[in-house]
Amino acid sequence: MELDSKEIIRLIQTHPTSVITTVNDEGVCNAASFSWLSPVSFDPPMVAIMVSPERYTYGNITSNEEFTLNVLTKHFIDDVMYVGKESFRDSPNKLEDTDLRLEESNKVEPPRIQEAVVWMECVVDGIHEAGDHFIVVGEVVAAEVDEEFWKDGRFLAEEAETLHHIGGKKFLVGGNMVEWEG
Ligand SMILES: Cc1cc2nc3c(=O)[nH]c(=O)nc-3n(C[C@H](O)[C@H](O)[C@H](O)COP(=O)(O)O)c2cc1C
């Protein structure tokens, strides 16, 4: 069965949908949702987020070169969709319309989101053009996890019920875990 380009991309399911915060040149925070993201390096720890140049977030990242990555749970699906639909350009106060609250980060200027269960503070290491998006690689300079969801060296995504975007309005949440017995 042949697929068009949008359908092809949806064949690869993703890491937890996250809200990325950035700041503009006036120091004002913006938040937007990102489901295209990936770990890229253990040492130093690095993650990549795929950012369309149409996002206000993209301009913030290229000028301030810092972002925070905040993993939210299914309880915040409305807010994830809201900040993922509204642009700061038209709705500079979009965060005020949500239940998401900002708190100071430890090492970067963009604040992080209190309601998250995973927080990563990142400094941009490189930006690479790829088709209609840019691969923004960030070095994780600080990270924390809600200890309720950390056990035996593993993040309990299934218990935290993080959101994994399939496409459009659909997400996988938690799900069954399979352990290889080999
Ligand atoms: C669930 C979800 C996932 C998204 N993932 C991405 C993504 O990976 N990359 C991207 O460039 N935009 C993504 N978006 C779109 C942006 O979040 C959206 O365009 C947002 O309004 C940008 O806000 P800004 O212009 O204030 O930066 C996603 C939106 C939603 C709802």
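The values are calculated or read from the model by the stated rules, or taken from the named source; none is laboratory data. As the structure is a computational prediction, the values presented were derived from the model and not from experiment. For neighbour counting, all protein chains shown are included, and Cβ atoms are generated from backbone atoms with ideal geometry for every residue, glycine included.
Worth pointing out:
- Residue in segment 27-35 that is within 30 Å of Glu96 (Cα to Cα), free of Cβ contacts under 8 Å to residues at least 60 places away in the same chain, more than 12 Å from the ligand (Cβ to nearest atom) and out of contact with any Gly (no Cβ under 8 Å at 6 or more places or on another chain) present: no
- Number of the exception - Val173 against (1) exposed (fewer than 13 other Cβ atoms within 10 Å of the Cβ); (2) modelled with pLDDT under 95: (1)
- Residue match in segment 103-113 (condition: within 13 Å of Asn30 (Cβ to Cβ), in contact with a helix residue (DSSP H, G or I) (Cβ under 8 Å, 6 or more places away or on another chain) and buried (at least 21 other Cβ atoms within 10 Å of the Cβ)): yes
- Total residues in segment 138-182, condition under 16 Å from the mean Cα position of the chain (by Cα) and within 16 Å of the ligand (Cβ to nearest atom): 11
- Pair list, Cβ < 6 Å and 6+ apart or interchain, from segment 156-171 residues that are assigned to a loop (DSSP other than H, G, I, E, B) to residues that are surrounded by 18 or more Cβ atoms within 10 Å (Cβ to Cβ) and not aliphatic (A, V, I, L, M): Leu156/Phe149; Glu161/Thr73
- When Phe42 is tested against (1) more than 19 Å from Ile113 (Cα to Cα); (2) surrounded by 14 or more Cβ atoms within 10 Å (Cβ to Cβ), only condition (2) is not met.
- Near pairs, Cβ below 7 angstrom, 6+ apart or cross-chain, from segment 82-95 (touching a residue at least 12 places away in the same chain (Cβ under 8 Å)) to any residue that is near the ligand (Cβ under 8 Å from one of its atoms) and among the polar types (S, T, N, Q): Val83/Ser33; Gly84/Ser33; Phe88/Asn30
- Restricted to strands (runs of 3 or more DSSP E) entirely inside segment 37-134, those with at least 1 residues that are in contact with a strand residue (DSSP E or B) (Cβ under 7 Å, 6 or more places away or on another chain) and within 9 Å of the ligand (Cβ to nearest atom) are 37-41, 46-51.
- Within segment 119-137, considering residues that are among the aliphatic types (A, V, I, L, M) and crowded, with 21+ Cβ neighbours inside 10 Å, the one farthest from the chain's Cα centre (by Cα): Val136
- Hits in segment 1-26 (condition: in a loop (DSSP other than H, G, I, E, B), touching a residue at least 40 places away in the same chain (Cβ under 8 Å) and farther than 20 Å from Val173 by Cα): Asn24
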